[in-house]
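Asker: Sharing a structure, written as structure tokens. Questions coming.
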Amino acid sequence: MLKFDDLQQKINEAEAHVSELRKQMDVERKSERAQAIASAKEIIKNHDLTATELGFSGKTTVKRTSGDKRNSVAPKYQDPESEKTWTGRGKTPAWLSNQIASGREKQDFLIQP
């Protein structure tokens, strides 16, 4: 029958082996990633592809899932000088806060239908 110390030693050896395997896996993953990047760069160069053609517009967009029931809201307020708008939801924009601080009323900036 194995003693506690023998079992603990086997566990320690197994954990060391798992740790070593994880290190090997990380090295392999990094190598595969480097190869994939090199291949992608070569294809881009050979076919003279642009970022736009590849779908990289530089703008990040949040894609809503089909279950997302949020609707976009029409702007409710507009700054007549800069023509910036605000829906009335969330934090009050700086342009409106500055106008209110200078004595104007929020209703002065309502967009008329």
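A short reminder: the numbers here are calculations on the coordinates, not readings from a lab. The structure presented is a predicted model; accordingly, all values stated were derived computationally and were not measured. Glycine also receives a Cβ, built like all others from the backbone with ideal geometry; neighbour counts cover every protein chain displayed.
Asker: To the nearest 20 debye, what charge dipole does the chain have about its Cα centre, counting +1 at the Cβ of each Lys and Arg and -1 at the Cβ of each Asp and Glu?
Answerer: It comes to approximately 500 debye.
Asker: Across the chain, how many lysine pairs, 8 or more apart or on two chains, come within less than 18 Å at their alpha-carbon atoms? Don't skip to the end; give the middle numbers.
Answerer: On the way: Lys30/Lys41; Lys76/Lys84; Lys76/Lys91; Lys76/Lys106; Lys84/Lys106; Lys91/Lys106.
Final tally of qualifying lysine pairs is 6.
Asker: Could you go through the stretch 9-22 in sequence order and give the Karplus-derived ³J(HN,Hα) for each residue, using 6.51 cos²θ - 1.76 cosθ + 1.60 with θ = phi - 60°, rounded to whole Hz, and x for Gly and Pro?
Answerer: In residue order, the calculated couplings are 5, 5, 4, 4, 5, 5, 5, 5, 5, 4, 4, 5, 5, 5 Hz.
Asker: Less than 12 Å Cβ to Cβ from Gln9, Lys/Arg counted +1 and Asp/Glu -1: what total charge do the surrounding residues give?
Answerer: -2
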